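Enquirer: The structure is given below, and queries will be raised subsequently.
None of the figures in this text is laboratory data; all of them are computed from the coordinates on show. It should be emphasised that the depicted structure is a prediction, and the values quoted were computed from it without experimental measurement. Here the Cβ positions follow ideal geometry from the backbone for every residue, glycine too, while neighbour counts run over all protein chains shown.
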Amino acid sequence: MTSDREQIRTLVDNWILWRDAGDWERFRTVWHPAGRVMATWFQGTGDEFIEVSRQGWEKGVSILHSHGGSTVEVAGGRATASTKMTIAQRAEVDGVVSDVVCTGRFFDFLVKRDGNWSLVLRQPIYERDRIDPVEPGAVVRLDPGLLAEFPPGYRHLAYLQTRIGYRVKKDMPGTTGPRTDALYALGRDWLSGKASEGLKEWS
């Protein structure tokens, strides 16, 4: 029999595989009806995230994800999962096609309903990033004032996303800090049953 932890790890893997392949109908199955995602460029419901991701896909927006190890905590019908991840995005930045690679973790809140786990909240934790021109020898010259507006864990990713038209959230969790501490505290409340199923406490 598949354990809860194995089922959750499969859900986490399916998230990136189906999202990055544009398999929107199967991607929809990982989400709780009230599920939400908080990313640099988007904050909203799972359904809204699917729609904006699909629109970006059709316009050629290139964002890919990969996963590393996971740790899962289960308390009855609730769970949290922390998974090492990498986000890679390619776009033209100030006239130079560039790749940004950002490493960090996905911190997920999950609930079990009718025997199946689903995602209530996905909150990335952004730890480190870099930007590199795709063409060897090319140089991308960044605006230092704009770059400095963003936290160090995702400032190059935020810079790229801002340049291509997204409004980027500037207080996302990093390796440490008050926002990260608050996320971990909410995770403990979630597992203890104190946090509401819709997780309205987090925005």
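Enquirer: Order of 34-41, 142-149 by packing, highest average Cβ count within 10 Å first?
Expert: With the highest mean Cβ count within 10 Å placed first, the list reads 34-41, 142-149.
Enquirer: For the Cα atoms of the chain, what angle does the longest principal axis make with the long axis of helix 46-59, in degrees from 0 to 90, nearest 10?
Expert: Rounded to the nearest ten degrees, it is 30.
Enquirer: Here's a follow-up. Given contacts defined as C-alpha pairs under 8 Å and at least six residues apart, what's the relative contact order of the chain, whole-number percent?
Expert: Contact order relative to length: 19 percent.
Enquirer: Which entry in (i) 43, 40, 34; (ii) 50, 37, 31; (iii) 53, 36, 27 is this structure's computed Cα extents along the principal axes in Å?
Expert: (iii)
Enquirer: Run lengths n ≥ 4 of DSSP H only: what is the helix-derived mean residue ellipticity at 222 nm for the chain, with -39500 (n - 2.57) per run over all residues, to the nearest 500?
Expert: Numbers: 6 runs with 64 residues, N = 203.
The helix-only estimate for the chain comes to -9500 deg cm²/dmol at 222 nm.
Enquirer: Restricting to Cα pairs below 8 Å that are 6+ residues apart, what does the relative contact order work out to for the range 82-176? Please round to a whole percent.
Expert: With pairs under 8 Å counted, the relative contact order is 28 percent.
Enquirer: What size of dipole, in debye to the nearest 20, comes out for the chain about its Cα centre when the only charges are +1 on Lys and Arg C-beta atoms and -1 on Asp and Glu C-beta atoms?
Expert: 360
Enquirer: Given the options SER53, SER62, SER82, state which has the largest fluctuation in a GNM of the chain using a 10 Å cut-off (strictly under) for Cα springs.
Expert: Looking only at SER53, SER62, SER82, the biggest GNM fluctuation is shown by SER62.
Enquirer: With contacts defined as alpha carbon pairs under 8 Å and 6 or more residues apart, what's the relative contact order of the range 1-110 in percent?
Expert: Across the range 1-110, relative contact order equals 19 percent.
Enquirer: A follow-up question, please. Any idea which of HIS67, ALA79, HIS32 is furthest toward the positive side of the dipole for the range 1-95, if Lys and Arg beta-carbons carry +1 and Asp and Glu beta-carbons -1?
Expert: ALA79
Enquirer: Another one. Return the FRET efficiency for the residue pair ARG141, ASP114: r is the Cβ-Cβ distance, R0 is 41 Å, and the value is rounded to the nearest 0.05.
Expert: In this case the efficiency is close to 0.15.
Enquirer: With label points built 7 Å along Cα→Cβ from the Cα atoms of GLN55 and ALA75, find their separation and express it in nm.
Expert: 3.7
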